[in-house]
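Below is one structure, written out as structure tokens, with a few remarks after it.
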Amino acid sequence: MKLLGLVYYWAFAIVLMIGFYAVIAKPNLIKKLIGLSIFQAAVFLLYITMGKVDGGTAPIFQDGVSVYSNPLPQVLILTAIVVGISTTALGLGIVVRIKEEYGSIEEHEIQEQDRQ
Amino acid sequence: MTDLSHHLPALQVIVPMLSAPLVMLLKPRGLARAAATAASLFAFAIAIAMTMGVLDGSTYTYRMGGWPAPYGIELGVDRFSALLLLIVTGASTFALLAGRRSVDADIDESRQPLFYAAWLLALAGLLGIPVAADAFNIFVFMEISSLASYVIIAGGSDRRALPAVFKYLIMGTIGATFYLIGVGLIYLMTGTLNLADMELRIHEVGDQKPILVAAGFITIGLALKAAVFPLHVWLPNAYTYAPNAVTVFLAACSTKVSLYLLLRFDFFVFQGNLAGHDVQFTYFLMPLAVLAILIASGVALFEQNIKRLLAYSSIAQIGYILLGASFVTVAGLTASTVHFFNHALAKGALFLAVSCLATSCVGLRLSDLGGVAKRMPWTAAAFVVAGFSLIGIPGTAGFISKWYLITAALEQGSLGIALVAVLVISSLMAVVYIWRIVEAIYFAEPSSDLSAVGEAPFMMLAVTWAAVLANLYFGLAPDVPVTLATSAAETLLEHLP
């Protein structure tokens with residue numbers, strides 16, 4: 001039962017590492033950004049999980065309900081999602097500029113051109 | 001009047017942040033720059049006012065919306081954060097005052113309002129980190145400053161800035177996300193985000209393992225942002241290919257804000273709570289600091305581009321700051337915090353001199369700079385004096401931090417002797433790499449026709465010399481930074497068990 005209760009934390013760790021792997025191992029800049037988004041999404045999962053209370057409902061005051069989930073992590077993660085979107089958007093913007101200037105979005109080809 | 005001074009911590013962030021959208025709308029020539037400079041000057045004045053306010057030992061606390069902490073969001077300024085605010089606003093103001101020619105050369109006039117708006121957002125974010133007393137707000141400010149910095153670094157005309165900034169974006173985001181994971185784990189265990197409240201509640205946590213993991217995530221994440229060796233790979237290219245004015249601004253302050261946060265977290269939140277954290281902190285960071293000092297200085301010895309050379313020297317200087325902190329003593333932390341200030345002065349002045357050189361030289365490689373001192377005597381002299389400060393010649397600001405650092409190292413017994421040797425060797429390396437530039441600009445044969453080369457614009461030279469004279473002034477009368485640094489060190493160590 002305890003292991004099952006932790007399943008979301010395991011998911012967090014696995015998704016985090018998948019994203020991290022893509023960032024490090026993929027030479028394509030777009031794939032790196034996809035990895036970065038997955039990496040950040042894992043952290044969203046961590047925060048949402050910690051706010052959930054077993055059997056709790058939305059924190060709206062009503063009769064007959066006494067267990068509420070913690071809304072604060074969700075609010076925090078809304079902000080973090082906005083940050084993540086801005087980062088991805090800016091990253092994609094930079095990739096577009098790189099493509100314009102270098103004609104490639106493969107890391108080694110760009111390095112090759114800079115070496116000349 | 002008293003009422004207004006109470007609001008200073010909030011104004012410190014709000015002034016540049018709200019000026020940014022206004023600046024963006026100012027299309028006519030030069031207005032955007034003037035408005036951005038005015039906002040930055042105003043922020044500088046606020047930082048000076050708050051430094052005066054905290055010099056007697058008091059602190060500012062500000063509750064957003066009047067909600068009491070830990071439920072509401074709290075802002076706080078003590079002597080350590082005041083020192084950082086002074087560095088950040090000072091660097092921004094100096095860079096903007098001197099930056100006209102550099103920005104005009106690098107950025108189309110139609111895009112300049114956007115550039116200055118991004119600059120102010122970077123400023124607001126960098127100021128928000130020292131002011132905020134809440135871990136999640138710090139994350140948001142960190143991302144504001146990073147995103148805006150990526151924009152202004154990539155804003156120039158050099159295409160090599162783009163891959164550099166992409167690397168910075170990837171590594172910066174990983175660093176910030178690691179920080180966020182750490183904060184999340186602490187929140188999971190304590191249910192609070194307020195730093196002061198966190199420190200109290202970690203005591204109550206039964207199982208310390210998640211806190212230990214959080215400490216690891218936060219330390220590594222911030223070390224990435226602060227370009228601690230070997231996580232520094234994003235820094236040299238980002239500094240080298242950024243527009244010169246941006247390099248002056250960011251090289252003087254951006255990594256220091258992350259280092260500030262690293263020290264704040266490790267000492268303020270973790271040190272008193274995690275058994276053996278001080279020992280782990282020392283043995284983890286001291287080797288990295290020594291490697292940073294030796295390897296980065298070594299790379300600087302062979303670098304041809306002078307911006308890149310100075311960027312590697314910055315990595316070495318980050319090593320000095322960490323080395324002082326890794327002693328976990330009052331003397332060590334004083335040395336390290338005073339070096340925040342003195343390195344900002346020296347590196348700021350050096351990069352200002354570099355942007356003066358860039359106004360009329362064909363390039364910034366050593367071979368491009370042969371003999372320019374004859375044509376640009378004031379710039380060359382400024383470079384030499386600022387270089388003395390970086391090396392740590394007595395009478396300059398750099399000497400003060402080297403002195404404190406060596407004193408602190410000698411307290412460490414036999415290990416200290418070895419560290420002093422490291423410091424002396426690295427200072428000698430600094431002599432060599434600064435000399436390489438001085439040799440090129442004074443004694444080398446001109447490689448190209450110098451008849452077109454003239455002295456930099458007056459305003460730029462005036463600001464550069466103001467920075468150089470500040471190096472001399474704070475080398476002879478270091479009371480203010482030393483007072484701030486000593487008390488910052490004492491505050492940080494109060495939390496040791």
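The numbers here are math on the coordinates, done by the rules we state, and not lab data. This is a predicted model, so every value here is computed, not measured. Reconstructed Cβ throughout: ideal geometry from the backbone, glycine too, with neighbour counts over all protein chains shown.
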In nm, to one decimal, how far is the modelled label at residue B:479 from the one at residue B:29, with both set 7 Å along Cα→Cβ? 4.7
Output ³J(HN,Hα) for the stretch B:140-155: one whole-Hz value per residue in order, computed from phi by the Karplus curve 6.51 cos²θ - 1.76 cosθ + 1.60 with θ = phi - 60°, and x for Gly and Pro. 5, 5, 4, 6, 4, 5, 5, 4, 5, 5, 4, 5, 6, 5, 7, x
Counting Lys +1, Arg +1, Asp -1, Glu -1, what net charge surrounds residue B:75 among other residues with beta carbon under 12 Å of its beta carbon? -2
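Would you kindly calculate the translational diffusion coefficient of chain B, applying Stokes-Einstein with the Kirkwood radius from alpha carbon pairs, for 20 °C and a viscosity of 1.002 mPa s, and quote it in µm² s⁻¹ without decimals?
Values: Rh = 22.5 Å.
Taking Rh from Cα pairs, D becomes 95 µm²/s.
Assign one of three labels to chain A, namely rounded, prolate or oblate, based on the Cα gyration tensor with a ≥ b ≥ c the square roots of its eigenvalues; rounded applies when a/c is under 1.5, prolate when it is not and a/b is larger than b/c, and oblate otherwise. Let's see the in-between values first.
Details: a/c = 6.40, a/b = 2.41, b/c = 2.66.
Since a/c reaches 1.5 but b/c is at least a/b, the shape of chain A is classed as oblate.
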So, over other residues within a Cβ distance under 14 Å of residue B:432, counting Lys, Arg +1 and Asp, Glu -1, the net charge is -1
So what are the ³J(HN,Hα) numbers for the stretch B:228-243, from phi and the Karplus equation (6.51, -1.76, 1.60; θ = phi - 60°), rounded to whole Hz, Gly and Pro as x? 6, 3, x, 9, 9, 4, 6, 6, x, 5, 4, 6, 5, 9, 6, x
Quick calc: nm separation of the 7 Å Cα→Cβ label points for residue A:26 and residue A:48 -> 2.1
Given contacts defined as C-alpha pairs under 8 Å and at least six residues apart, what's the relative contact order of chain B, whole-number percent? 15
Short version: ³J(HN,Hα) in whole Hz for each residue of the stretch A:35-40, in order, from phi by Karplus 6.51 cos²θ - 1.76 cosθ + 1.60 (θ = phi - 60°), x for Gly and Pro, what are they? x, 4, 5, 5, 4, 6
Suppose a student asked you for the relative contact order of chain A, using Cα pairs under 8 Å spaced at least 6 residues apart; what percent would you report? 23
Helix B:209-225 versus the longest principal axis of chain B: what angle, 0 to 90°, nearest 10, using Cα atoms? 10
For the stretch B:1-275, what is the convex hull volume of the alpha-carbon atoms per residue, in Å³? 119
Once you place label points 7 Å from the Cα toward the Cβ at residue B:209 and residue B:462, how far apart are they in nm? 6.4
If R₀ is 45 angstrom, what is the calculated FRET efficiency for the pair residue B:5 and residue A:74, using the beta carbon separation as r and rounding to 0.05? 0.75
If you fit an axis through the alpha-carbon atoms of helix B:8-25 and take the longest principal axis of the Cα set of chain B, what angle between them do you get, 0 to 90°, nearest 10? 50
With no solvent and one equal point scatterer placed on each C-alpha of the protein assembly as shown, evaluate the Debye formula and give log10 I(q)/I(0) for q = 0.05, 0.06, 0.11 Å⁻¹, two decimals. -0.21, -0.30, -1.06
Going by alpha carbons, how many degrees (0 to 90, nearest 10) lie between the helix axis of B:397-410 and the longest principal axis of chain B? 40
